[in-house]
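Enquirer: Starting off with a structure, shown below.
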Amino acid sequence: MMPDRPWGIPGQLSSPFIYSGNWMATVYYDSAVILEINEPTAETPYSTYLCQWRVSDKYPDGKITVTPSDFATYKVGDRITLLKDIKTTKTSELWSDPDLTQFGDTWQAVPVSFYGLDIPAAGS
């Protein structure tokens, strides 16, 4: 796939053949960037996050509201990992898949990180 980028060359810390879901969409992961933190309300007793996702017909400005899976804390500007529908039966992600243009009802921000980036600690 990338014959000029073998794994193990000086400075190469990961396989060039492995890509993570918090930089590009995969079957189970996607990502978004936090724009605003919505404070808890009586109806939603935890913070939610207004995020920049991708622009589509359904989301012309690319903005979505994301719920967290736990009590990890995030700040404006953080790239978060989105866990998509884990019950899916598909085996690959295609550019024509509906989950690239429609945010799922069960998707949540999860404290999963790739490439050695810090994971937000609960309560921090």
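Enquirer: Among residues other than Ala109 whose Cβ falls under 11 Å from its Cβ, what is the net charge (Lys/Arg +1, Asp/Glu -1)?
Expert: Numbers: positive: Arg79; negative: Asp30, Asp70, Asp78.
Every neighbour counted, the sum reads -2.
Enquirer: Would you list which aspartates and glutamates come within 19 Å of Lys90, measuring only between C-alpha atoms, while excluding same-chain residues fewer than 8 positions from it?
Expert: Asp30, Asp99, Asp105
Enquirer: What are the ³J(HN,Hα) values, in whole Hz, obtained from phi via the Karplus relation 6.51 cos²θ - 1.76 cosθ + 1.60 with θ = phi - 60°, for each residue of region 105-111 in sequence order, with x given for Gly and Pro?
Expert: Rounded to whole hertz, the list is 5, 9, 5, 9, 6, 10, x.
Enquirer: Let me ask something else. What ratio of Cα Rg to 2.2 N^0.38 Å holds for region 29-110?
Expert: Computed over Cα atoms of region 29-110, the ratio equals 1.11.
Enquirer: May I pose another question? Counting only residues 5 or more places away or on other chains, whose amide H sits under 5 Å from the amide H of Val27 once H atoms are built in the peptide plane?
Expert: Answer set, sorted by chain and number: Glu93.
Enquirer: A follow-up question, please. Convert each backbone phi in region 52-65 into a coupling constant with the Karplus relation 6.51 cos²θ - 1.76 cosθ + 1.60 (shift: θ = phi - 60°), then list the ³J(HN,Hα) values in order as whole Hz, x for Gly and Pro.
Expert: So the Karplus estimates, Gly and Pro as x, are 8, 10, 10, 6, 8, 4, 6, 10, x, 9, x, 9, 9, 9 Hz.
Enquirer: Give me the aspartates and glutamates in straight-line cross-link reach of Lys63: C-alpha distance below 13 Å, same-chain residues under 8 apart excluded.
Expert: Within reach: Glu36.
Enquirer: A follow-up question, please. Rounded to the nearest 20 Debye, what is the dipole magnitude of region 29-110 about its Cα centre when Lys and Arg each give +1 and Asp and Glu each give -1 at the C-beta?
Expert: My answer is approximately 160 debye.
A short reminder: the numbers here are calculations on the coordinates, not readings from a lab. What you see is a predicted model; the values in this text were computed from it and never measured. Note that each Cβ is placed from the backbone with ideal geometry, even for glycine, and that neighbours are counted across all protein chains shown.
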